[in-house]
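Trainee: Quick one: the structure is below, and I'll ask about it shortly.
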Amino acid sequence: HHKGNHPFVDIAFLGGGGRNEKHIVKEKKKSTKWLKFLRQEKIKTMTHTDPVIEVAAFSDQMPPDEISFATLTKEGVFLWNQVGELLRTVKIETKTARFWNSDEEVLTKNMQVKATEHTSMAVTTKARFVLDAEGKETLIDQSLLFVCGRSAAGEGVIGVWGLEEGLVGVVTPKGDLVYSRAEYNKMAGRNIEPLSVYRHDGRMLDIDQSGVSTTFAVQLTEDAQTVQMWNTEAVEPGTLLLDPSGPASLLIVPGKEQVIMDMEHPQPICALMVVEDEEGPACVTACQDATAFKWDLEGADAGQVYAELRSLKPLEILVPPILIIVTALQMLSFAFVPEARWHPHVHQHGHRLHKIVVIDIKGLVTLYTEEVFWPEMYVTCSLIMFFVALAVLGIPEWLDATIRRLYSSPAYMAEQRDRPCWRPTSLLVNVFYLMEAVVKISLQLLSTVLVVPLMKSCASSVNCIWPDGWNLLQAFLDDPNEGTERVYLRAVPAVTCYQGPHLQLLGTLLLIVPIYLFLLVPYAVVDGDTKYVPRKTLFRWKFWQESNPWALASARKSTVLHLAFMHMVPAFSFQTRLVELLGKITLPIVAVLCQADAKTQMVITAIVGFLMWLSPIIRAPYVERKMCVLLKAMKLFSFVAMFTGAVTVFIADSHSYVPTGILIGGTVVILLALTIQLCTMTARRSRVAVFELE
């Protein structure tokens, strides 16, 4: 037990027994109440000459008189047994260190390394079966101790020691690592040199805790905002024919290790830890702004954040419900397109809603002419090309990396000490922050709210009216200055189709729209959040595969923060968002290209609405059941409105009150059923247990 920056460490016994044992067994299965039944007994307080930086345990199965845990001060590592007796002190100090010089391709031996200050340590313990003298298998614990330090010249070094059953391994003059009581006792009063010394500038350190191998280490770099992961073993686990003598025998030669990934943070890091869960290793980091992150270290989503522990920002609270409402209104508005034969009073308000939510320029201006059409097409093409360029070039990642480099630069740090905001580097950082905000907001809008307007604008540009008996070849060869018949645009009859500027427009759209639709999927399934769409995953499109990064990113987006009643089911988040995207693409195209056949248009619209309502019924998108009921009711109302819109076309009487009656009756039934379900259904609440140990 170690609290505060002082030189004292308490050893305490924490356990059950007697009549409390049954309470511990009973309560352990239900909650954390079993902790209050534990018996606590202070054994000893160990005093150091310097403040203790860290405390680490090796194994609770060690004999009482062998090394069981370690404490770290700036002077070195102190090794203690379970009853608080100091058994050994080790420091990063050696005359026999080896280092691989990659420039000269030689192994330099007998290098002298000495750390004047020790800053961090990490311990991992592996259980291994060995044969004893009688040929029986015995389970032993083998550990590795990693210690960070700095030399007098300021160079960062990491020393590694091996331990077996409470004995520190000693490197013999021949270079062998032995765990022998005799060799161990020979080193009494002397420092046991580390078996390996790595050159790394890390301030904090932790290593693989899998219990099987020690394949990697993570460390905090000099900028205090990046955690690096590098390999520590020379071979992959499971590739050796014969079992090695222990984890120390697999360590890679210093100088040959490679950085596997960088985990960058928005704020300086104050703590890090490697943990092992059911899905593999993860790194937990904590920043100075009271936020914590969990990083995946293996698999297809290695190097990605899959959980953030912090308070929600205002935009994170507002954006999800706004996107749901805007999407619902956009889908609903297609029931009130001009081709539907609603009663004039209903049609007036419904069509006005449609023009607003889909940003219909044709419906918002009094006279839709060439002077309006061509600027609209220029804006549409520019927005699509802007989206494609940002995604393909990886501009969000580049801006983020640039900001981090500037943030950790000596010039910026020097300016921050004086706290002026008008110095050159500070101004440059603010400019890049502004650019990053503009890029992220643009990508989010272009992959969510603006999909429907862009698709409707693109469909309007190819919706042409053909004279009887004309074909596509004749439209290309026709001279618009000769004859009275020609192919013209439905929205703007003055524009001749497939010739001149319109032909150039079609060529541009044919080139950029397929690319836009392809790149739209990975962004749309994460609601346009750029940090979940690295450039390297853009073209890994086989989303039906289990390890597809698009689906994994959508699941991470749904679980990284707890959004209360808006929290999505990660297993179904990709399918839910993909169905919504297909609806946003399909409905505006059908509404425009089927204007000549109102019955076909409204029937297809109603079918799409039915499929979008069916999706949350098959797979519930939200963890909270009441939120699922609310979403189903919204989609059902949209389907009822689309179905009624199809009825108006078949009745063909704009003054009939039958469709209006169907819509009102359906609305009343939906609201009544929704109210009953919300009032009778029990909400799922997150269980949070709070406890204290004296």
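Trainee: Evaluate the following for THR425: is it modelled with pLDDT under 85 and closer than 30 Å to THR496 by Cβ?
Mentor: Criteria not met by THR425.
Trainee: Here is a follow-up. Within segment 493-539, track down each residue that is open to solvent by less than 10 Å² (accessible area, probe 1.4 Å), in a loop (DSSP other than H, G, I, E, B) and under 24 Å from THR369 (Cβ atoms).
Mentor: VAL495, CYS497, listed by residue number.
One line per residue, one yes/no per condition, for (1) polar (S, T, N, Q); (2) buried (at least 16 other Cβ atoms within 10 Å of the Cβ); (3) out of contact with any strand residue (DSSP E or B) (no Cβ under 9 Å at 6 or more places or on another chain):
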| site | (1), (2), (3) |
| --- | --- |
| ASP262 | no, no, no |
| ALA286 | no, yes, no |
| TRP295 | no, yes, no |
| ALA328 | no, yes, yes |
| MET331 | no, yes, yes |
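Trainee: Check THR138 against each of (1) of a type in the set (Val, Ile, Thr); (2) open to solvent by 40 Å² or more (accessible area, probe 1.4 Å); (3) under 21 Å from GLY76 (Cα atoms) and name the one condition it does not meet.
Mentor: So the condition that THR138 fails would be (3).
Trainee: Shifting gears a bit: State whether one or more residues within segment 133-140 are outside any strand (DSSP E or B), within 23 Å of LEU86 (Cα to Cα) and small (Gly, Ala, Ser).
Mentor: no
Trainee: Say whether the condition of being modelled with pLDDT of 75 or more, under 24 Å from SER59 (Cβ atoms), among the β-branched types (Val, Ile, Thr) and within 25 Å of the chain's Cα centre (by Cα) is met by at least one residue in segment 188-209.
Mentor: yes
To keep it simple, each residue is scored yes or no on (1) on the phi < 0 side of the Ramachandran plot; (2) open to solvent by less than 30 Å² (accessible area, probe 1.4 Å); (3) at pLDDT 85 or above; (4) among the small types (Gly, Ala, Ser).
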| site | (1), (2), (3), (4) |
| --- | --- |
| ILE24 | yes, yes, no, no |
| THR32 | yes, no, no, no |
| LYS44 | yes, no, no, no |
| SER68 | yes, yes, yes, yes |
| ARG98 | yes, no, no, no |
| LEU107 | yes, no, no, no |
| ASN110 | no, no, no, no |
| LYS114 | yes, no, yes, no |
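Trainee: Is it fair to say PHE572 is of a type in the set (Phe, Trp, Tyr) and more than 18 Å from the chain's Cα centre (by Cα)?
Mentor: Against the criterion (of a type in the set (Phe, Trp, Tyr) and more than 18 Å from the chain's Cα centre (by Cα)), PHE572 does not qualify.
Trainee: Also: For segment 561-569, check the following and say yes or no: at least one residue is of a type in the set (Gly, Ala, Ser), surrounded by fewer than 19 Cβ atoms within 10 Å (Cβ to Cβ), touching a residue at least 40 places away in the same chain (Cβ under 8 Å) and out of contact with any Asp or Glu (no Cβ under 7 Å at 6 or more places or on another chain).
Mentor: Yes: segment 561-569 contains one or more residues that are of a type in the set (Gly, Ala, Ser), surrounded by fewer than 19 Cβ atoms within 10 Å (Cβ to Cβ), touching a residue at least 40 places away in the same chain (Cβ under 8 Å) and out of contact with any Asp or Glu (no Cβ under 7 Å at 6 or more places or on another chain).
Trainee: Please specify each residue of segment 278-327 satisfying the condition of being under 13 Å from the mean Cα position of the chain (by Cα), in a loop (DSSP other than H, G, I, E, B) and under 24 Å from THR124 (Cβ atoms).
Mentor: Answer for segment 278-327, where residues must be under 13 Å from the mean Cα position of the chain (by Cα), in a loop (DSSP other than H, G, I, E, B) and under 24 Å from THR124 (Cβ atoms): LEU297, ASP301, ALA302, GLY303, GLN304.
Trainee: When segment 573-600 is examined, which residues are found to be under 30 Å from LEU312 (Cβ atoms), hydrophobic (A, V, I, L, M, F, W, C) and either buried (at least 20 other Cβ atoms within 10 Å of the Cβ) or in contact with a helix residue (DSSP H, G or I) (Cβ under 6 Å, 6 or more places away or on another chain) (or both)?
Mentor: Listed by number, the residues that qualify are PHE574, VAL579, LEU581.
Trainee: Select from segment 276-298 the residues that are within 17 Å of LEU552 (Cβ to Cβ) and among the small types (Gly, Ala, Ser) and write down the one among them that is modelled with the lowest pLDDT.
Mentor: Out of the qualifying residues, it is GLY280.
Trainee: Checking the conditions here, which among MET681, MET612 is crowded, with 21+ Cβ neighbours inside 10 Å and either in contact with a Lys or Arg (Cβ under 7 Å, 6 or more places away or on another chain) or acidic (Asp, Glu) (or both)?
Mentor: MET612
Trainee: Okay, next question. Could you check segment 243-275 and list, in sequence order, the residues that are modelled with pLDDT of 80 or more and either on the phi > 0 side of the Ramachandran plot or of a type in the set (Gly, Ala, Ser) (or both)?
Mentor: Within segment 243-275, GLY255, ALA271 meet the criteria.
Trainee: So which of VAL379, VAL372, VAL358 ends up being of a type outside the set (S, T, N, Q), modelled with pLDDT of 80 or more, open to solvent by 80 Å² or more (accessible area, probe 1.4 Å) and within 21 Å of LEU450 (Cα to Cα)?
Mentor: None of the other options fit; the residue is VAL379.
Trainee: Next question. Taking segment 169-220, which residues are touching a residue at least 12 places away in the same chain (Cβ under 8 Å), among the acidic types (Asp, Glu) and out of contact with any Pro (no Cβ under 7 Å at 6 or more places or on another chain)?
Mentor: Within segment 169-220, GLU183, GLU193, ASP201, ASP206 qualify.
Trainee: Now, a different point. Which numbered condition in (1) more than 22 Å from LEU450 (Cβ to Cβ); (2) part of a helix (DSSP H, G or I); (3) open to solvent by 30 Å² or more (accessible area, probe 1.4 Å); (4) of a type outside the set (Phe, Trp, Tyr) is the only one that LYS557 fails?
Mentor: Only one criterion is unmet by LYS557, namely (1).
Trainee: Another question, then. Determine whether segment 575-591 contains at least one residue that is outside any helix (DSSP H, G or I), of a type in the set (Lys, Arg) and either at negative phi or at pLDDT 90 or above (or both).
Mentor: No, segment 575-591 contains no residue that is outside any helix (DSSP H, G or I), of a type in the set (Lys, Arg) and either at negative phi or at pLDDT 90 or above (or both).
Trainee: Still on this structure: If the requirement is being among the polar types (S, T, N, Q) and in contact with a Cys (Cβ under 7 Å, 6 or more places away or on another chain), which of these qualifies: THR496, THR530, THR537, THR508?
Mentor: THR508
Trainee: Mind listing whichever residues of segment 156-179 are assigned to a loop (DSSP other than H, G, I, E, B) and touching a helix residue (DSSP H, G or I) at 6+ places or on another chain (Cβ under 9 Å)?
Mentor: Residues satisfying the conditions are GLY169, THR172.
Trainee: Can you list residue pairs whose Cβ atoms sit under 8 Å apart, with the first residue in segment 225-241 being exposed (fewer than 12 other Cβ atoms within 10 Å of the Cβ) and the second being among the polar types (S, T, N, Q) and modelled with pLDDT of 70 or more? Count only pairs 6 or more apart in sequence or on different chains.
Mentor: Close Cβ pairs satisfying both conditions: GLU236/THR215.
Trainee: Applying the selection to segment 434-448, what residues are out of contact with any Pro (no Cβ under 9 Å at 6 or more places or on another chain) and either open to solvent by 40 Å² or more (accessible area, probe 1.4 Å) or free of Cβ contacts under 8 Å to residues at least 24 places away in the same chain (or both)?
Mentor: Answer for segment 434-448, where residues must be out of contact with any Pro (no Cβ under 9 Å at 6 or more places or on another chain) and either open to solvent by 40 Å² or more (accessible area, probe 1.4 Å) or free of Cβ contacts under 8 Å to residues at least 24 places away in the same chain (or both): LEU434, MET435, ALA437, VAL438, ILE441, GLN444, LEU445.
The values are calculated or read from the model by the stated rules, or taken from the named source; none is laboratory data. What you are looking at is a predicted structure, and each value in this text was computed from that prediction instead of being measured. As a convention, Cβ positions derive from the backbone with ideal geometry for all residues, glycine included, and neighbour counts pool all protein chains shown. Accessible surface areas use protein heavy atoms only, side chains included; no ligands, DNA or RNA. Shrake-Rupley method; radii C 1.70, N 1.55, O 1.52, S 1.80 Å.
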